[in-house]
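K.L.:
Here it is: the structure, laid out below.
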Amino acid sequence: RIDHAIELDPEFGLARSISGGYYTMQSAMGIKPAREVIPLAKAAEHEALRLDPSLPEAHALLAVCNGTYDYDWNEAQRHWRLAMAREPVSHDIRLWYGNHYLLPIGRPLEAVEMIAKSLDGDPLNPLGRHHFAVALRHAGRLEDAEVELRKVLEIDEHFPLPLSTLGAVCAQQWRFEEALALTDRAHA
């Protein structure tokens, strides 16, 4: 439990940052509204940076909040620069950068490259592989995206995100019956 880690060491910046990531994920997954949890996420990340001003995870998660929720892409870019400055850059930060910055600002080819690098260290990560397939789709590589999504479904056949994305890829290829069946499975 992250709360327990913070209780044991209130000066542990990474634990504070991870708690902020938890709030961000609640919004991203539709569990709680952004208006409720993003202020909590930002507060946790600012506290983490108070404890460790160069903490890459805190800068990355603030960048996600700045871009995805506040649409302040200049501030997001500033935090991404700081998050990517400490070597080695973690696989998670590369994944978040590709998915939460490069894709939304319209740089899908760079997103494909960045997310692929993130998967080098975590090849069985189904969420990361899903994000990779989304980047491939946005880069116009529909066949590659489909192959990747089917690999994700081999890891977890009930994971709804790749089911719905695969439905969209099939629809883009005029395979509407298959698209409908996949999105029905995802919705169920």
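K.L.:
Scan region 168-177 residue by residue and report those that are open to solvent by 60 Å² or more (accessible area, probe 1.4 Å) and either among the polar types (S, T, N, Q) or outside any helix (DSSP H, G or I) (or both).
P.N.:
Of everything in region 168-177, those that are open to solvent by 60 Å² or more (accessible area, probe 1.4 Å) and either among the polar types (S, T, N, Q) or outside any helix (DSSP H, G or I) (or both) turn out to be GLN172, TRP174, ARG175.
K.L.:
Does ALA48 count as within 22 Å of TYR101 (Cβ to Cβ), at pLDDT 95 or above, crowded, with 16+ Cβ neighbours inside 10 Å and within 18 Å of the chain's Cα centre (by Cα)?
P.N.:
So ALA48 fails the test.
K.L.:
Here is a further query. Could you check, for region 69-86, whether at least one of its residues is surrounded by fewer than 24 Cβ atoms within 10 Å (Cβ to Cβ), part of a helix (DSSP H, G or I) and touching a residue at least 40 places away in the same chain (Cβ under 8 Å)?
P.N.:
yes
K.L.:
Moving on. Tell me the residue from LEU61, LEU109 that is at pLDDT 95 or above, under 18 Å from the mean Cα position of the chain (by Cα) and open to solvent by 70 Å² or more (accessible area, probe 1.4 Å), please.
P.N.:
LEU109
K.L.:
Which residues, counting only those in region 147-167, are in a helix (DSSP H, G or I) and open to solvent by 30 Å² or more (accessible area, probe 1.4 Å)?
P.N.:
VAL147, ARG150, LYS151, GLU154, ILE155, PRO160, LEU161, SER164 - these are the residues of region 147-167 that are in a helix (DSSP H, G or I) and open to solvent by 30 Å² or more (accessible area, probe 1.4 Å).
K.L.:
Here's another thing I want to ask about it. Return the only residue of ARG150, ARG137, ARG107, ARG185 being under 28 Å from SER17 (Cβ atoms) and of a type in the set (D, E, K, R).
P.N.:
Every option except ARG107 fails the conditions.
The values are calculated or read from the model by the stated rules, or taken from the named source; none is laboratory data. Every value quoted in this text rests on a predicted model; they were computed, and no experiment measured them. A quick note on method: Cβ atoms are made from the backbone with ideal geometry, for glycine too, and the neighbour counts reach across all protein chains shown. With ligands, DNA and RNA removed, areas are computed over all heavy atoms of the protein, side chains included. Shrake-Rupley method; radii C 1.70, N 1.55, O 1.52, S 1.80 Å.
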